[in-house]
1. Within region 45-70, work out how many residues are at pLDDT below 90 and touching a strand residue (DSSP E or B) at 6+ places or on another chain (Cβ under 7 Å).
2. Any residue in region 214-228 that is at pLDDT 75 or above and in contact with a helix residue (DSSP H, G or I) (Cβ under 9 Å, 6 or more places away or on another chain)?
3. Taking region 25-39 as the search range and keeping residues that are surrounded by fewer than 18 Cβ atoms within 10 Å (Cβ to Cβ) and in contact with a Cys (Cβ under 8 Å, 6 or more places away or on another chain), which one is modelled with the lowest pLDDT?
4. Residue by residue through region 91-144, note down the ones that are surrounded by 13 or more Cβ atoms within 10 Å (Cβ to Cβ) and small (Gly, Ala, Ser).
5. Name the single residue, out of those in region 46-65 being surrounded by fewer than 18 Cβ atoms within 10 Å (Cβ to Cβ) and either in the same structural domain as Leu163 (by TED's automatic domain parsing) or part of a loop (DSSP other than H, G, I, E, B) (or both), that is farthest from the chain's Cα centre (by Cα).
6. Among the residues of region 91-105, how many are in a loop (DSSP other than H, G, I, E, B), closer than 30 Å to His19 by Cβ and at pLDDT 90 or above?
7. Let me spell it out: the conditions are (1) in a helix (DSSP H, G or I); (2) crowded, with 18+ Cβ neighbours inside 10 Å, and Phe77 meets all of them except one. Which number is the exception?
8. Give the residues of region 124-135 that are free of Cβ contacts under 8 Å to residues at least 24 places away in the same chain and in contact with a Ser or Thr (Cβ under 8 Å, 6 or more places away or on another chain), sorted by residue number.
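The values are calculated or read from the model by the stated rules, or taken from the named source; none is laboratory data. From a predicted model like this one, the values you see are computed outputs, not experimental measurements. Note that each Cβ is placed from the backbone with ideal geometry, even for glycine, and that neighbours are counted across all protein chains shown.
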Amino acid sequence: MDELKAEELFFLQILLSLHYHSQLLSACSCGQDSHLRKVACTKCLQAELLCPRCWLDKHRTMPTHWALIWNAKDGFFEKHDFCRVMKNTSVALGHYGEWCPDGDMARTFTLVDSNGIHATAIKFCRCKTVDGQRGTPEFQQLLHAGIFPGSIKDPKTGYTLGLLEYYRQERNQGKGSAYNFMSHLTRSSDIYTNFLAITRFHQHLDILMQRGHAHGLDVPLPGEVDRPYSNRPIGYLGMQCVACPERGVNMPMIVSVPKYLR
């Protein structure tokens, strides 16, 4: 603590300097004369000030980063969502952040991440699939992008997988409620009910993967008549002790034990 206290002045100077950008309103590195540096990022480390177009190009796969846009009228950096950096901007799916050439118009979407709730817009991919459909189902596109959909049909709300994992750890370690967690993200609890249902379903899927059911645990192996774990009920999700003897797992299915040991 004494070492930190001795450098207190430098800590204050550097922390205060992080709120100032010496590149403000200078020409952007893209080379366009009319593109001035006026957009900063709240989450990127060592991020330089960029023009709106360059900032969007850099963050097209990171749409939950808040943008700090210079407000020349009032003289401060104003916090905005990804889609408010420039007009007609949206989060594009299916092409690694690039717009789909056959996509429809973007629609409003509520995207929730650990840094808050984003009132954004999403443009889904409509490229034809092998069966002639205009794009894969929307909830599947969201999942492929790392966003857990709030519904199957016409999803309008989504939660990043990072947020759900963060909440799982917070629930297990801190024993906090979903309501308090949502209150931490925002003072509004409009999506609390949907978030509660999604976290329960996500937990169920996580258990299925951890218990092996996502890998066909209940299906007999090729050439086998019975399931590999015939002593477990189908769909069993309980925890198994790895040290306890279990037939077919850590001991043979048929064991010859002397009577005096039974």
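1. 1
2. No: region 214-228 contains no residue that is at pLDDT 75 or above and in contact with a helix residue (DSSP H, G or I) (Cβ under 9 Å, 6 or more places away or on another chain).
3. Checked region 25-39; the qualifying residue modelled with the lowest pLDDT is Gln32.
4. Residues satisfying the conditions are Ala92, Gly94, Gly97, Gly103, Ala106, Ser114, Gly116, Ala121, Gly135.
5. Among them, the one singled out is Glu48.
6. So the answer is 0.
7. (1)
8. Thr129
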